[in-house]
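My questions all concern the structure below.
The values are calculated or read from the model by the stated rules, or taken from the named source; none is laboratory data. Being a predicted model, the structure only gives us computed values, none of them experimental. Cβ atoms come from the backbone with ideal geometry, glycine included; neighbour counts cover every protein chain shown. In case anyone asks, the SASA skips ligands and DNA or RNA and just uses the protein heavy atoms, side chains included. Shrake-Rupley method; radii C 1.70, N 1.55, O 1.52, S 1.80 Å.
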Amino acid sequence: MLPRGLPRWRALRWAGVRLPARGLRASPQARTAMPSWVIDRYGSNEVLRFTREMGFPIIHFPNEVIIRVHAASLNPIDLSMRRGYGATALNMKRDPLKLKTEETEFPLTLGRDVSGVVMECGLSVSYFKPGDEVWAAIPPWKQGTLSEFVVASGNELVKAWGAHVTAVCSHDASTLVKRLGADDVIDYKSGNLEEQLKTLPLFDFILDNVGGSTEKWALDLLKKWSGATYVTLVTPFLINMDKLGVADGMLQTGVTVGSKTLKHLLKGVHYRWAFFMPSGPSLDQIAELVDSGKIQPVIDEVFSFSEVPKAFLKLEGGHARGKTVINVISRQ
């Protein structure tokens, strides 16, 4: 979650119909370009390029707003997208009718989280006005937040719900995880993880962000016939489309999730895949939990806008203890 450095935040709501937008107040001089970090091809960290000539964002839909970016942060999806993950599906979403004369998504700006100030609103935006301080999540098919300005549409499980939380991490992160509210902490390096978890009472919910062989045994740790659910964040959906193409990729994905869902449903538990989706109402709820102290934002390290490649390397190294944040408004 992006830390809220401004005094008070509201989460952007998401929705959409096409109508004309108001004129841009974001730049009295009608600027056409802005500084951004972009990529012109997929690859490792050397594909990151700084430019002052990135096209200035334009409101195309009545539910959109332009945000001046004060801070952004990096997530694992940014590393994956830099390498080309999901390009087939995301390009189809960017241009479903194939209206572009050039079939390219480049130059592409990464970054999905943003905190900043609303500069301009589309005609149907009533929840926000210019000058409002906001935070938002930008969907992966749109230009990202490692820019001076970004366009966003105007329309998660916590301890606050009374759950008994068991977290799995390495020993050196256990103190932080306990401080954030976990009741039990399991060190996955101290022995067989499956055997350690089997000594605990059965779970109502398991969130898996590791994938691999975990799901072969993790569902056996759920309470049977009680609505207990296993959710994995590691799915083959976008990979299938990249490898097999749109039609075959979607077919293979449907067969995979369908067969796994049915298999586990017959055993009395629910199997689900989860995907990143921006949600203003969810961010509103998270904001309330942060304000009440039930969620504690954790910052691992803050980088200046000129240090974006360094921030990517930090995230790529793994084992971050909190968010990797980019201070965009400071040019140092």
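Restricting attention to segment 94-124, which trypsin sites (Lys or Arg not before Pro) occupy a DSSP loop and are surrounded by at most 11 other Cβ atoms within 10 Å?
98, 100
Where only protein heavy atoms count, and the probe is 1.4 Å, what is the accessible area per residue for segment 89-202 in Å²?
About 51 Å² of surface per residue is accessible.
Then there is this: For Cα pairs less than 8 Å apart in space and 6+ apart in sequence, what is the mean separation divided by the residue count of segment 158-276, i.e. the relative contact order in percent?
19 percent
Provide the per-residue ³J(HN,Hα) series for segment 226-243, in order, calculated from phi with Karplus coefficients 6.51, -1.76, 1.60 and θ = phi - 60°, each as a whole number of Hz, with x at glycine and proline positions.
These are the phi-based 3J(HN,Hα) values: 10, x, 4, 9, 10, 10, 10, 8, 9, 10, x, 4, 5, 5, 4, 5, 5, 7 Hz.
In debye to the nearest 20, how big a dipole does segment 169-212 give about its Cα centre with +1 on each Lys and Arg Cβ and -1 on each Asp and Glu Cβ?
140 debye
How large is the charge dipole for segment 165-249, taken about the Cα centre, if only the Cβ atoms of Lys, Arg (+1) and Asp, Glu (-1) carry charge, to the nearest 20 debye?
The dipole of segment 165-249 has a size of about 100 debye.
Taking H as built 1.01 Å from N, whose amide H comes closer than 5 Å to the amide H of residue 165, not counting residues under 5 places away?
The list, which skips near neighbours in sequence, is 183, 184.
Calculated from DSSP H runs of 4 or more alone, at -39500 (n - 2.57) each and per residue, what is the 222 nm mean residue ellipticity of the chain, nearest 500?
-7000 deg cm²/dmol
Next up: Per-residue HN-Hα couplings for segment 169-174, Karplus 6.51 cos²θ - 1.76 cosθ + 1.60 at θ = phi - 60°, whole Hz, x for Gly and Pro?
7, 7, 4, 6, 9, 5
Students often get this wrong, so try it: which of (i) 21.7; (ii) 22.4; (iii) 20.9 is Kirkwood radius over Cα pairs in Å as calculated from the structure shown?
From the options (i) 21.7; (ii) 22.4; (iii) 20.9, the structure gives (i).
Here's something else I'd like to know. Using amide H atoms built in the peptide plane, which far-off residues or other-chain residues are under 5 Å from residue 73 H to H?
For residue 73, whose amide H was placed from the backbone, the distant partners under 5 Å are 112, 113, 326.
Could you run the Karplus curve 6.51 cos²θ - 1.76 cosθ + 1.60 with θ = phi - 60° over segment 114-122 and give me ³J(HN,Hα) per residue in whole Hz, x for Gly and Pro?
With the stated coefficients, segment 114-122 comes to 8, 10, x, 10, 5, 9, 7, 10, x Hz.
Sort segment 151-304 into rounded, prolate or oblate with this rule: let a ≥ b ≥ c be the square roots of the eigenvalues of the Cα gyration tensor; rounded if a/c is under 1.5, and if a/c is not under 1.5, prolate when a/b is larger than b/c, oblate otherwise.
Here segment 151-304 falls in the oblate category.
Among 100/129; 223/294; 224/263, which pairs are too far apart, with a Cα-Cα distance over 23 Å?
Over 23 Å apart, Cα to Cα: 100/129; 223/294.
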